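The values are calculated or read from the model by the stated rules, or taken from the named source; none is laboratory data. Remember, predicted model here, so these are calculated numbers, not experimental data. Methodologically, a virtual Cβ is constructed for each residue, glycine included, from the backbone with ideal geometry; neighbour enumeration extends over all protein chains shown. The area values use the complete protein model at the heavy-atom level, side chains included, leaving out ligands, DNA and RNA. Shrake-Rupley method; radii C 1.70, N 1.55, O 1.52, S 1.80 Å.
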Amino acid sequence: MSLPPVTLYRSADDLFAQRGEDCFRLPAQELDVLFTQADPARWVHDLLARAEPVTRPNEISAPIGSQEVWAAGVTYLRSRDARIDESKDAGGGTFYDRVYDAPRPEIFFKATPQRVVGTGAKVRIRSDSKWNVPEPEVTLAINSAGRIFGYTIGNDMSSRDIEGENPLYLPQAKVYAACCGLGPGLVVRDPLPRETSIDLDITRGGKSVFSGSTAVNQMKRNFEELAEYLYRDNTFPQGAYLLTGTGIIPPGEFTLLPGDVIRITVAGLGTLENIVA
């Protein structure tokens with residue numbers, strides 16, 4: 001019998017769980033404990049049976065404890081095409097064409113917890129980059145045994161000109177202070193439907209300057225495959241988050257500017273909003 005979804009929200013001091021219209025306070029350290037459970041969904045439901053009912057706080061942080069954040073790339077055709085285009089002058093286009101069709105996916109390190117911000121917080125663009133975009137992604141919550149048990153929304157900030165100059169610059173294009181948004185909460189639930197929609201809207205001065213949409217069923221690879229490769233010959237004692245790639249990429253002439261507001265909405269997961277610092 002499947003259990004109803006529970007959304008976990010983290011504040012500065014506590015962890016909150018929302019089930020339907022009811023919200024409960026949990027000890028803050030329980031987020032790390034959740035990622036070590038063999039059956040996280042059952043564990044959190046058992047915890048709610050003795051939790052304190054409260055009102056959900058207005059200000060929430062990223063739903064992360066000690067987890068590393070990793071990411072998969074070139075999982076959508078649109079992403080492959082964009083990567084080929086941005087790196088063609090550097091001769092790196094064939095790398096992305098090959099990885100899209102290869103058995104092994106591209107998986108790379110994205111962020112430590114202190115580089116992650118929550119909804120309503122500021123993400124950054126690099127000072128040495130002139131072409132920056134958000135990448136809206138369904139993000140997997142994976143327990144220490146490699147089992148996917150929940151989902152959140154990821155904002156994988158990327159410096160396209162740095163990665164396009166040379167594929168070996170990928171870590172610099174992806175990993176820096178406030179390079180990743182996660183939230184608004186961690187939804188512990190049954191697998192997301194393949195038709196789950198993903199929407200991106202970027203506003204500047206109150207006006208939309210870019211919007212796009214895609215769906216999980218546009219991915220070439222499935223979530224379980226990506227999680228298996230991440231955990232292959234690797235260990236995550238407190239579990240991990242895995243961003244699963246983007247199918248929405250703004251046109252080549254677009255770049256983020258300070259003050260832009262990025263809104264990523266995923267059906268069943270809510271809306272992650274970040275402001276560009």
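Would you mind calculating the gained length between Arg194 and Asp39 on full extension (0.36 nm times residue separation, minus the Cα-Cα distance), in nm to one decimal? The partial results should precede the final answer.
Values: separation 155, 0.36 × 155 = 55.80 nm, distance 2.25 nm.
This chain segment gains 53.5 nm when fully extended.
Taking the chain as a Gaussian network, where each spring joins two C-alpha atoms under 10 Å apart, which residue of Glu21, Glu59, Glu195 fluctuates the most?
Glu21
Explain nothing, just compute: Karplus ³J(HN,Hα) = 6.51 cos²θ - 1.76 cosθ + 1.60, θ = phi - 60°, for every residue of region 11-17 in order, whole Hz, x for Gly and Pro.
Coupling constants for region 11-17: 9, 5, 10, 9, 10, 10, 10 Hz.
For the pair Tyr169/Ala145, report the inter-label distance in nm, with labels modelled 7 Å from Cα in the Cβ direction.
4.4 nm
Any idea of the accessible area per residue across the chain, 1.4 Å probe, to the nearest Å²? Write down the numbers at each step before the final one.
Values: 12000 Å² over 277 residues.
Accessible area per residue, the chain: 43 Å².
If ligands, DNA and RNA are left out, what is the accessible area of Trp70 with a 1.4 Å probe, given in Å² to the nearest 10?
Rounded to the nearest 10, the figure is 50 Å².
Using a 7 Å offset from the Cα along the Cα-to-Cβ direction at both Ser208 and Arg50, what is the distance between the two label points in nm, to one decimal?
Roughly 4.9 nm, to one decimal.
Would you list Asp14, Asp22 from the most to the least accessible area, probe 1.4 Å?
On the way: Asp14 40, Asp22 90 Å².
So the residues, ranked largest to smallest area, are Asp22, Asp14.
Express the carbon and sulfur contribution to the solvent-accessible surface of the chain as a percent, rounded to the nearest whole number, probe 1.4 angstrom.
Working: 5840 of 12000 Å².
It is 49 percent, rounded to a whole number.
Taking the chain as a Gaussian network, Cα atoms linked when under 10 Å apart, which of Gln238, Gln172, Gln37 shows the biggest mean-square fluctuation?
Gln172
Share of Cα-Cα pairs in region 177-266 beyond 18 Å, in percent? List each step's numbers first, then the result.
On the way: 2326 of 4005 pairs.
Value for region 177-266: 58 percent of Cα pairs lie more than 18 Å apart.
What Kirkwood radius, in Å to one decimal, follows from the Cα pairs of the chain?
Details: mean 1/r = 0.0531 Å⁻¹.
Its Kirkwood hydrodynamic radius stands at 18.8 Å.
Divide by every residue of the chain the summed helix terms, -39500 (n - 2.57) for each DSSP H run of at least 4, and state the resulting mean residue ellipticity at 222 nm, rounded to the nearest 500 deg cm²/dmol. Provide the component values of the computation, followed by the final result.
Numbers: 7 runs with 54 residues, N = 277.
Calculated at 222 nm, the ellipticity per residue is -5000 deg cm²/dmol.
Which Cα, out of His45, Ala17, Gly247, lies furthest along the positive dipole direction of the chain (beta carbon charges, K/R +1, D/E -1)?
The residue sitting farthest along the positive end of the dipole is Gly247.
Quick one: if the Förster radius is 30 Å, what FRET efficiency do Thr271 and Ala177 give, using the C-beta to C-beta distance and rounding to 0.05? Numbers along the way, then the final one.
Numbers: r = 24 Å, r/R0 = 0.79.
Once rounded, the FRET efficiency stands at 0.80.
What fraction of the DSSP beta bridges in the chain is antiparallel, stated in percent and rounded to the nearest 5?
Numbers: 60 of 68 bridges.
Beta bridges within the chain, antiparallel portion: roughly 90 percent.
Compute a Gaussian network model of the chain, connecting alpha carbons closer than 10 Å, and tell me which residue from Thr244, Thr36, Thr119 fluctuates the most.
Thr36
Return the FRET efficiency for the residue pair Val261, Thr112: r is the Cβ-Cβ distance, R0 is 25 Å, and the value is rounded to the nearest 0.05.
Values: r = 25 Å, r/R0 = 1.01.
E between Val261 and Thr112, to the nearest 0.05, is 0.50.
Aspartates and glutamates within cross-link reach of Lys207: Cα-Cα under 14 Å, excluding same-chain residues under 8 positions apart?
Asp260
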